[in-house]
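Here's the structure, in structure tokens; my notes come after.
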Amino acid sequence: MGSGDIITPLVMGLLLGGLYALIALGLSMVFGVMRLINLAHGDLVALGSYGAYALMTVVGIDPIVGLVISVPAMFLLGLAIQKYLMGRAFAISSEAPLIIAFGISLVIQNANQIAWTPLSRALNTPYSHMSFTIGARQFPLSYLLDFAAGVVVMLALRYFLTSTYLGRAITAASQDKKAAQLMGINTNRVYGYAFAIAMASAAIAGVFLGMTFPFTPTSGVSFLTIAFGTVIIGGLGSMLGTFIGGMILGVFQTLGGYFLGPAFQMLIVYVIVLVILAVRPQGLFGR
Amino acid sequence: MSDNVQLKISNIDVFHGTFQALWDVSLEVNGGEMLALIGANTSGKTTLLDTVSGLLHPAKGTIQFEGKDISRMDPYQIVELGITQVPEGRRIFPEMSVLDNLIIGSYSAGARSKKMENLKQVYEHFPRLKERGKQIAKTLSGGEQQMLAIGRGLMADPKLMLIDEMSLGLAPIVIDELFKALREIKKRGITILFVEQNVRRTLQEADRAYILETGRVALSGTTAQLCEEDQVKKAYFGTDVCGI
């Protein structure tokens, strides 16, 4: 049983929600545009965490500054994966890309295992253990950074999707592929960019996750679970839905921990996800 | 037939998997004309348009647009050459605004630079689209959605427009409005190849027509010629459709 006030877990849950939305964003985008359940998404986020860890421990670059390198790198890797693996798999059948995604997941997990051992790692920076206060209550600074990162990426992506040709093309292809082709949109190219953007957002999510929680080579599995939960609660196709879905998941997780103890926090999340699947399968904000 | 041939389809066979939908179809579209494709459901009309658009590729035969072989090209390359399709069922982007639907129509490289100019033209044809620019497309009425689909097609700055089942499910007064717009579009020099179920209306509007029957061209000619053939009249049009 928790004690003390309920405000602290509530605020922490909301802040964490921004990070969860960031994790879910790439999964949602790839599914929306390519109709692919990217089983590797959680591991791509973990790759983002390990990439930042490598830059920090080997080269000595701060994880947030390191995004200048890792975001473009993951973006290019995403273009390559779509072009040389997914694109070819889509030409074979609609199940083949799913198997490719599973394969990518295994490769990343094992590569991280070899490179970094199964021990748990964390992105420890001078500021990741700082805290800030609201009134009399103290909160970890990393949670605020998580939330800020979520908001910034969401707004940037929202602007991109609604105000640029390429962004509109991605939106159009997710709503009607045939009509998009008839508008002169090269859907293979759009798939490449959607996958690349998903990977770039995974790189960002990986950094902030790594500053908030320790991670291991198999952490991708739980990241994927969080992403699924967020998308199921918020519904596909709505940026705002994803964001609110993340916050709901975050709040239920922290409140679950507060009322029932830390061992039960994810259980509450799964129950909520199941209830939403049963009552409103398109999600709270889905169409 | 004429040295003004813009689109020349020569002896194409097209398959959906193992099902052959078009058999040795040849067809010519002259620049600036309004040509109709008539035929029952499953006679291959939509297949023909989708093949021209590059969504399907012929197993045999060629398609030439302004002398260039386009039969192996991808849809986006064909749009860049100046062929746009207004698909059956409108297929507007339902969750996007009216204006965003129009803007996405100008996606191809050549059309982007003419975006504002073409948008003005679209608004002249369909003033209602201007009024409803911010509205989410799926909330438009059926007729307005069809206007949006045609407007979106015009934004691609086409030389040839393929229009599939434009009047399906719409009220006669709306259909009149749409055909009026098509006549204006034709006046601007854009060629129109359209598929219609409404045979009477088609014969009033088109310059020429091809009649498709189970994937083959059964007859073709000017609408006046087609009306004079007694056999055609009875088989396809009923007896009174040619009388205006």
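Please work out which residue is farthest from the chain's Cα centre (by Cα), limiting yourself to segment A:139-181 and to residues that are within 14 Å of another protein chain (Cβ to nearest Cβ) and in contact (Cβ under 8 Å) with a residue 40 or more places away in the chain. Walk me through how you get there before you give the answer.
Narrowing segment A:139-181 to residues within 14 Å of another protein chain (Cβ to nearest Cβ): A:158-181.
After this cut, where a residue has to be in contact (Cβ under 8 Å) with a residue 40 or more places away in the chain as well, the list is A:158, A:161, A:170, A:173-174.
Details: A:R158: 16, A:L161: 18, A:I170: 19, A:A173: 22, A:S174: 19 Å.
Selected residue: A:A173.
Can you tell me how many residues within segment B:93-106 are surrounded by 24 or more Cβ atoms within 10 Å (Cβ to Cβ) and in a loop (DSSP other than H, G, I, E, B)? Before the answer, list the steps.
Going residue by residue through segment B:93-106, those that are surrounded by 24 or more Cβ atoms within 10 Å (Cβ to Cβ) are B:93, B:98, B:101-102, B:104-106.
Now drop any that are not in a loop (DSSP other than H, G, I, E, B), which leaves B:93, B:106.
Total satisfying the criteria: 2.
Answer yes or no as to whether A:S222 is in a helix (DSSP H, G or I), buried (at least 24 other Cβ atoms within 10 Å of the Cβ) and either within 14 Å of another protein chain (Cβ to nearest Cβ) or within 19 Å of the chain's Cα centre (by Cα) (or both).
Answer is no for this residue.
Residue check: B:E117 meets all listed conditions (1) more than 14 Å from chain A (Cβ to nearest Cβ); (2) over 20 Å from the mean Cα position of the chain (by Cα); (3) at negative phi; (4) not in a helix (DSSP H, G or I) but one, namely (4).
Here are B:D69, B:D74, B:D100: which of them is more than 30 Å from B:L22 (Cα to Cα) and modelled with pLDDT of 95 or more?
Working: B:D69 fails: more than 30 Å from B:L22 (Cα to Cα); B:D74 fails: more than 30 Å from B:L22 (Cα to Cα).
Only one candidate passes the filter, namely B:D100.
Among the conditions (1) aromatic (F, W, Y); (2) closer than 19 Å to A:P63 by Cα; (3) touching a Ser or Thr at 6+ places or on another chain (Cβ under 8 Å), the only one that A:F139 does not satisfy is (2).
In this structure, is A:G283 away from chain B (no Cβ under 14 Å), under 18 Å from A:L15 (Cα atoms) and in contact (Cβ under 8 Å) with a residue 12 or more places away in the chain?
Values: away from chain B (no Cβ under 14 Å): yes; under 18 Å from A:L15 (Cα atoms): no; in contact (Cβ under 8 Å) with a residue 12 or more places away in the chain: yes.
Taking the combined requirement at face value, the residue does not satisfy it.
In segment A:187-217, the residue that is nearest to the other protein chains (Cβ to nearest Cβ) out of those that are under 28 Å from A:L144 (Cβ atoms) and among the β-branched types (V, I, T) is A:I197.
Residues that are hydrophobic (A, V, I, L, M, F, W, C) and surrounded by fewer than 19 Cβ atoms within 10 Å (Cβ to Cβ) were ranked within segment B:1-40; the one that is nearest to B:G67 (Cα to Cα) is B:V5. Filter segment B:39-76 for residues that are part of a helix (DSSP H, G or I) and touching an Asp or Glu at 6+ places or on another chain (Cβ under 8 Å); which is nearest to the other protein chains (Cβ to nearest Cβ)? So, considering only residues that are part of a helix (DSSP H, G or I) and touching an Asp or Glu at 6+ places or on another chain (Cβ under 8 Å), the one nearest to the other protein chains (Cβ to nearest Cβ) is B:L49.
For segment A:19-33, state whether one or more residues are within 10 Å of the chain's Cα centre (by Cα) and more than 30 Å from A:T187 (Cβ to Cβ). Yes, because at least one residue in segment A:19-33 is within 10 Å of the chain's Cα centre (by Cα) and more than 30 Å from A:T187 (Cβ to Cβ).
In segment A:86-114, what residues are more than 20 Å from A:H41 (Cα to Cα) and surrounded by 11 or more Cβ atoms within 10 Å (Cβ to Cβ)? Scanning segment A:86-114 gives a single hit, A:I92. Within segment B:198-217, is even one residue crowded, with 19+ Cβ neighbours inside 10 Å, of a type in the set (K, R) and more than 25 Å from B:S141 (Cα to Cα)? The answer is yes; a qualifying residue exists. Assess whether B:L129 counts as being over 23 Å from B:L35 (Cα atoms), free of Cβ contacts under 8 Å to residues at least 40 places away in the same chain and buried (at least 21 other Cβ atoms within 10 Å of the Cβ). When the stated conditions are applied, B:L129 passes them. Can you pull out the residues in segment B:133-156 that are part of a loop (DSSP other than H, G, I, E, B), touching a residue at least 24 places away in the same chain (Cβ under 8 Å) and surrounded by fewer than 23 Cβ atoms within 10 Å (Cβ to Cβ)? Within segment B:133-156, B:G133, B:K134, B:Q135, B:L140 meet the criteria. Of all residues in segment B:218-244, those satisfying the criterion of being at pLDDT below 90, surrounded by 15 or more Cβ atoms within 10 Å (Cβ to Cβ) and in contact with a Lys or Arg (Cβ under 8 Å, 6 or more places away or on another chain) are B:T223, B:C227, B:F237, B:V241, B:C242. Of everything listed in (1) part of a loop (DSSP other than H, G, I, E, B); (2) within 14 Å of chain B (Cβ to nearest Cβ); (3) in contact (Cβ under 8 Å) with a residue 60 or more places away in the chain, the single unmet condition for A:G184 is (3). Considering segment B:77-113, the residues that are small (G, A, S) and more than 8 Å from every other protein chain (Cβ to nearest Cβ) include one that is farthest from B:E196 (Cα to Cα), namely B:S113. Take the conditions of a type in the set (F, W, Y), more than 30 Å from A:L36 (Cα to Cα) and crowded, with 19+ Cβ neighbours inside 10 Å and apply them to A:Y127. Does it pass? In short, no.
Right, B:G61: at positive phi and within 14 Å of the chain's Cα centre (by Cα) or not? Before the answer, list the steps.
Working: at positive phi: yes; within 14 Å of the chain's Cα centre (by Cα): no.
Answer is no for this residue.
The values are calculated or read from the model by the stated rules, or taken from the named source; none is laboratory data. Every value quoted in this text rests on a predicted model; they were computed, and no experiment measured them. Methodologically, a virtual Cβ is constructed for each residue, glycine included, from the backbone with ideal geometry; neighbour enumeration extends over all protein chains shown.
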